[in-house]
1. Could you list, in sequence order, the residues of the range 81-128 that are of a type in the set (Phe, Trp, Tyr) and either open to solvent by 20 Å² or more (accessible area, probe 1.4 Å) or near ligand 1 (Cβ under 7 Å from one of its atoms) (or both)?
2. When you look at ASN112, is it over 11 Å from ARG36 (Cβ atoms) and not hydrophobic (A, V, I, L, M, F, W, C), yes or no?
3. Is at least one residue of the range 150-160 more than 10 Å from ligand 1 (Cβ to nearest atom), of a type in the set (Ser, Thr, Tyr) and part of a strand (DSSP E or B)?
4. Return the pair list, or none, for Cβ contacts closer than 7 Å from residues in the range 167-182 that are open to solvent by less than 20 Å² (accessible area, probe 1.4 Å) to residues that are part of a loop (DSSP other than H, G, I, E, B), at least 6 apart or on different chains.
5. If GLY333 meets every condition in (1) in contact (Cβ under 8 Å) with a residue 60 or more places away in the chain; (2) part of a helix (DSSP H, G or I) apart from one, which number is that one?
6. Taking the range 314-337, which residues are over 14 Å from the mean Cα position of the chain (by Cα) and open to solvent by less than 40 Å² (accessible area, probe 1.4 Å)?
7. Can you name every residue in the range 27-61 that is assigned to a loop (DSSP other than H, G, I, E, B) and within 26 Å of MET129 (Cβ to Cβ)?
8. Can you name the condition, by its number, that ALA196 falls short on among (1) at pLDDT 95 or above; (2) open to solvent by 10 Å² or more (accessible area, probe 1.4 Å); (3) within 29 Å of GLY119 (Cβ to Cβ); (4) among the aliphatic types (A, V, I, L, M)?
Amino acid sequence: MASYQMNTPKRGNLSTPARPTCPNSISKVRVIIRVRPFLPSEIFSRNGNPLSCVSVLGDSSQEVTVHLKDQETSRNECYKLDNFFGQEDYNVNQIFQREVSPLIPGVFHGCNATVFAYGATGSGKTYTMQGSEELPGVMPLAMSSILSMCQSTGSTAEISYYEVYMDRCYDLLELKPKEIAVMDDKDGQIHLKGLARVPVNSMSEFSEAFSCAVQRRKVAHTGLNDVSSRSHGVLVISVSTLSKDGSGVFITGKLNLIDLAGNEDNRRTCNEGIRLQESAKINQSLFALSNVVYALNNNQPRVPYRESKLTRILQDSLGGTSRALMVACLNPGEYQESVHTVSLAARSRHVANFVYSAQRRDTLTDKIDMEAKLQAWLESKGKTKSNKKVGALGSPFISRTTPSSVKSTKKVDMWQRSAKAKAVSKQRISDLAERPQNVPDSNLVQNGGLVDPVMK
Ligand code: ADP
Ligand code: MG
């Protein structure tokens, strides 16, 4: 097994690397929704007639409007996203054909691409990415498609598979006593030192290597899902293609397929001890990922790749000429959880119509402003007389900078928190106010629920 080195020519004339010729030099991240069906046990517990909290209000060629409705309180919200895949029994194949397949030709031209499944635990991420033997997910579908393209182009494919657990990177193809060190060279390329690469020539070779590795992913029991994945699992398919310019150079592109660990609301999972720490790390890294996607989609001058190990590793595959797809997975019976996932997805996708400098404000003013707004938000959580109309996750700021979301709050929302949680949140908001200005304040608070270390 070879050591893993990203995006460098592997053979031929090493002194003159071929330039990637990507069909589309865009760095925007597409954000789509995938709703899983109700499971038999969920249908049973809802007397055989479960009602989905997710539907589509309208779509155009450019975007879809997704409607979330709480069947109990009739609270509802709308968000605009790039595409929507409903509860059909097998929508993974459609997602692959329409959204993932178009990313693959670029990989043969030396461009990187990333697909990540994001969502709460139990929302169908692993099902979407890995699938099962009978119904393969995006990972085996992509591998199969790449292998058949390799046959016609003469390219070769290799895989690596690693997990990021508690902000550390571990090889899953080849067990090693230590974590994988992440390094960047003088050209800004990321290197995962010693990460195994396995050549793959057929689907049976892939299945053999991959199924073993999948078993090694850290799984543990939580209150929400018996085999909840506690780490981000990243399958990298690297393709080396002889450059067409006759230089004898091989160019390498890679497709990162990521089954993210689920974001968790620790008040529901009853997590304690190590599970709570894991959850805090998971939520922090998901928040960092959303900041990166937001920065890319909004052409921010600084993309905060260094906020987490995962985003640091993905630095050469998110942004620039790379293309990326975020699949936000939803459980149709979980309204609040879905709001949490979709609001973050919509926020990541949202291309704000603003001039960057207009967002920069004096830090002190900003801090005071944030604290005042947080206070108003906390008050609106039903603990005081003032019961203002609020947006997703109850943030009073969202309508100001997220025109893609439209809300209606007929009843006070159910995210009422304890006095202790409020006090911690007050502290947290001071921290938030001092973060770099690359993300608008509203988004930080909108995603406050994600940063669960303070909301447990
Ligand atoms: P996550 O990885 O987000 O925690 P899973 O992928 O494990 O969630 O999915 C949760 C449950 O839903 C699993 O039992 C899975 O088999 C089931 N599931 C997800 N999508 C589908 C689908 N399209 N058809 C049938 N079952 C599904
Ligand atoms: Mg999973």
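1. Start the filter on the range 81-128 by keeping residues that are of a type in the set (Phe, Trp, Tyr), which leaves 84-85, 90, 96, 108, 116, 118, 127.
Of everything in the range 81-128, those that are of a type in the set (Phe, Trp, Tyr) and either open to solvent by 20 Å² or more (accessible area, probe 1.4 Å) or near ligand 1 (Cβ under 7 Å from one of its atoms) (or both) turn out to be PHE84, TYR90, TYR127.
2. On the way: over 11 Å from ARG36 (Cβ atoms): yes; not hydrophobic (A, V, I, L, M, F, W, C): yes.
For ASN112, the condition - over 11 Å from ARG36 (Cβ atoms) and not hydrophobic (A, V, I, L, M, F, W, C) - is met.
3. Quick first cut of the range 150-160, residues more than 10 Å from ligand 1 (Cβ to nearest atom) only: 150-160.
In the following step, the residues that additionally are of a type in the set (Ser, Thr, Tyr) were identified as 152-153, 155-156, 160.
Adding the requirement that they be part of a strand (DSSP E or B) leaves 156, 160.
There is at least one residue in the range 150-160 that is more than 10 Å from ligand 1 (Cβ to nearest atom), of a type in the set (Ser, Thr, Tyr) and part of a strand (DSSP E or B).
4. Once the first residue is open to solvent by less than 20 Å² (accessible area, probe 1.4 Å) and sits in the range 167-182, its partners that are part of a loop (DSSP other than H, G, I, E, B) give CYS169/GLU179; CYS169/ILE180; ASP171/ILE180; LEU172/ARG216; LEU172/ARG217.
5. For GLY333, the exception is condition (2).
6. ASP316, GLY319, SER322, ASN331, PRO332, GLY333, TYR335, GLN336, GLU337
7. Within the range 27-61, the first condition is being assigned to a loop (DSSP other than H, G, I, E, B), and the residues that meet it are 27-28, 36-39, 46-53, 60-61.
Result: SER27, LYS28, ARG36, PRO37, PHE38, LEU39, PRO50, SER52, CYS53.
8. Going through (1) at pLDDT 95 or above; (2) open to solvent by 10 Å² or more (accessible area, probe 1.4 Å); (3) within 29 Å of GLY119 (Cβ to Cβ); (4) among the aliphatic types (A, V, I, L, M) one by one, ALA196 breaks only (2).
The values are calculated or read from the model by the stated rules, or taken from the named source; none is laboratory data. Note that the structure is a prediction, hence the values are computed from the model and not measured. For neighbour counting, all protein chains shown are included, and Cβ atoms are generated from backbone atoms with ideal geometry for every residue, glycine included. To get the accessible areas, we keep the full protein, side chains included, count just its heavy atoms, and leave off ligands, DNA and RNA. Shrake-Rupley method; radii C 1.70, N 1.55, O 1.52, S 1.80 Å.
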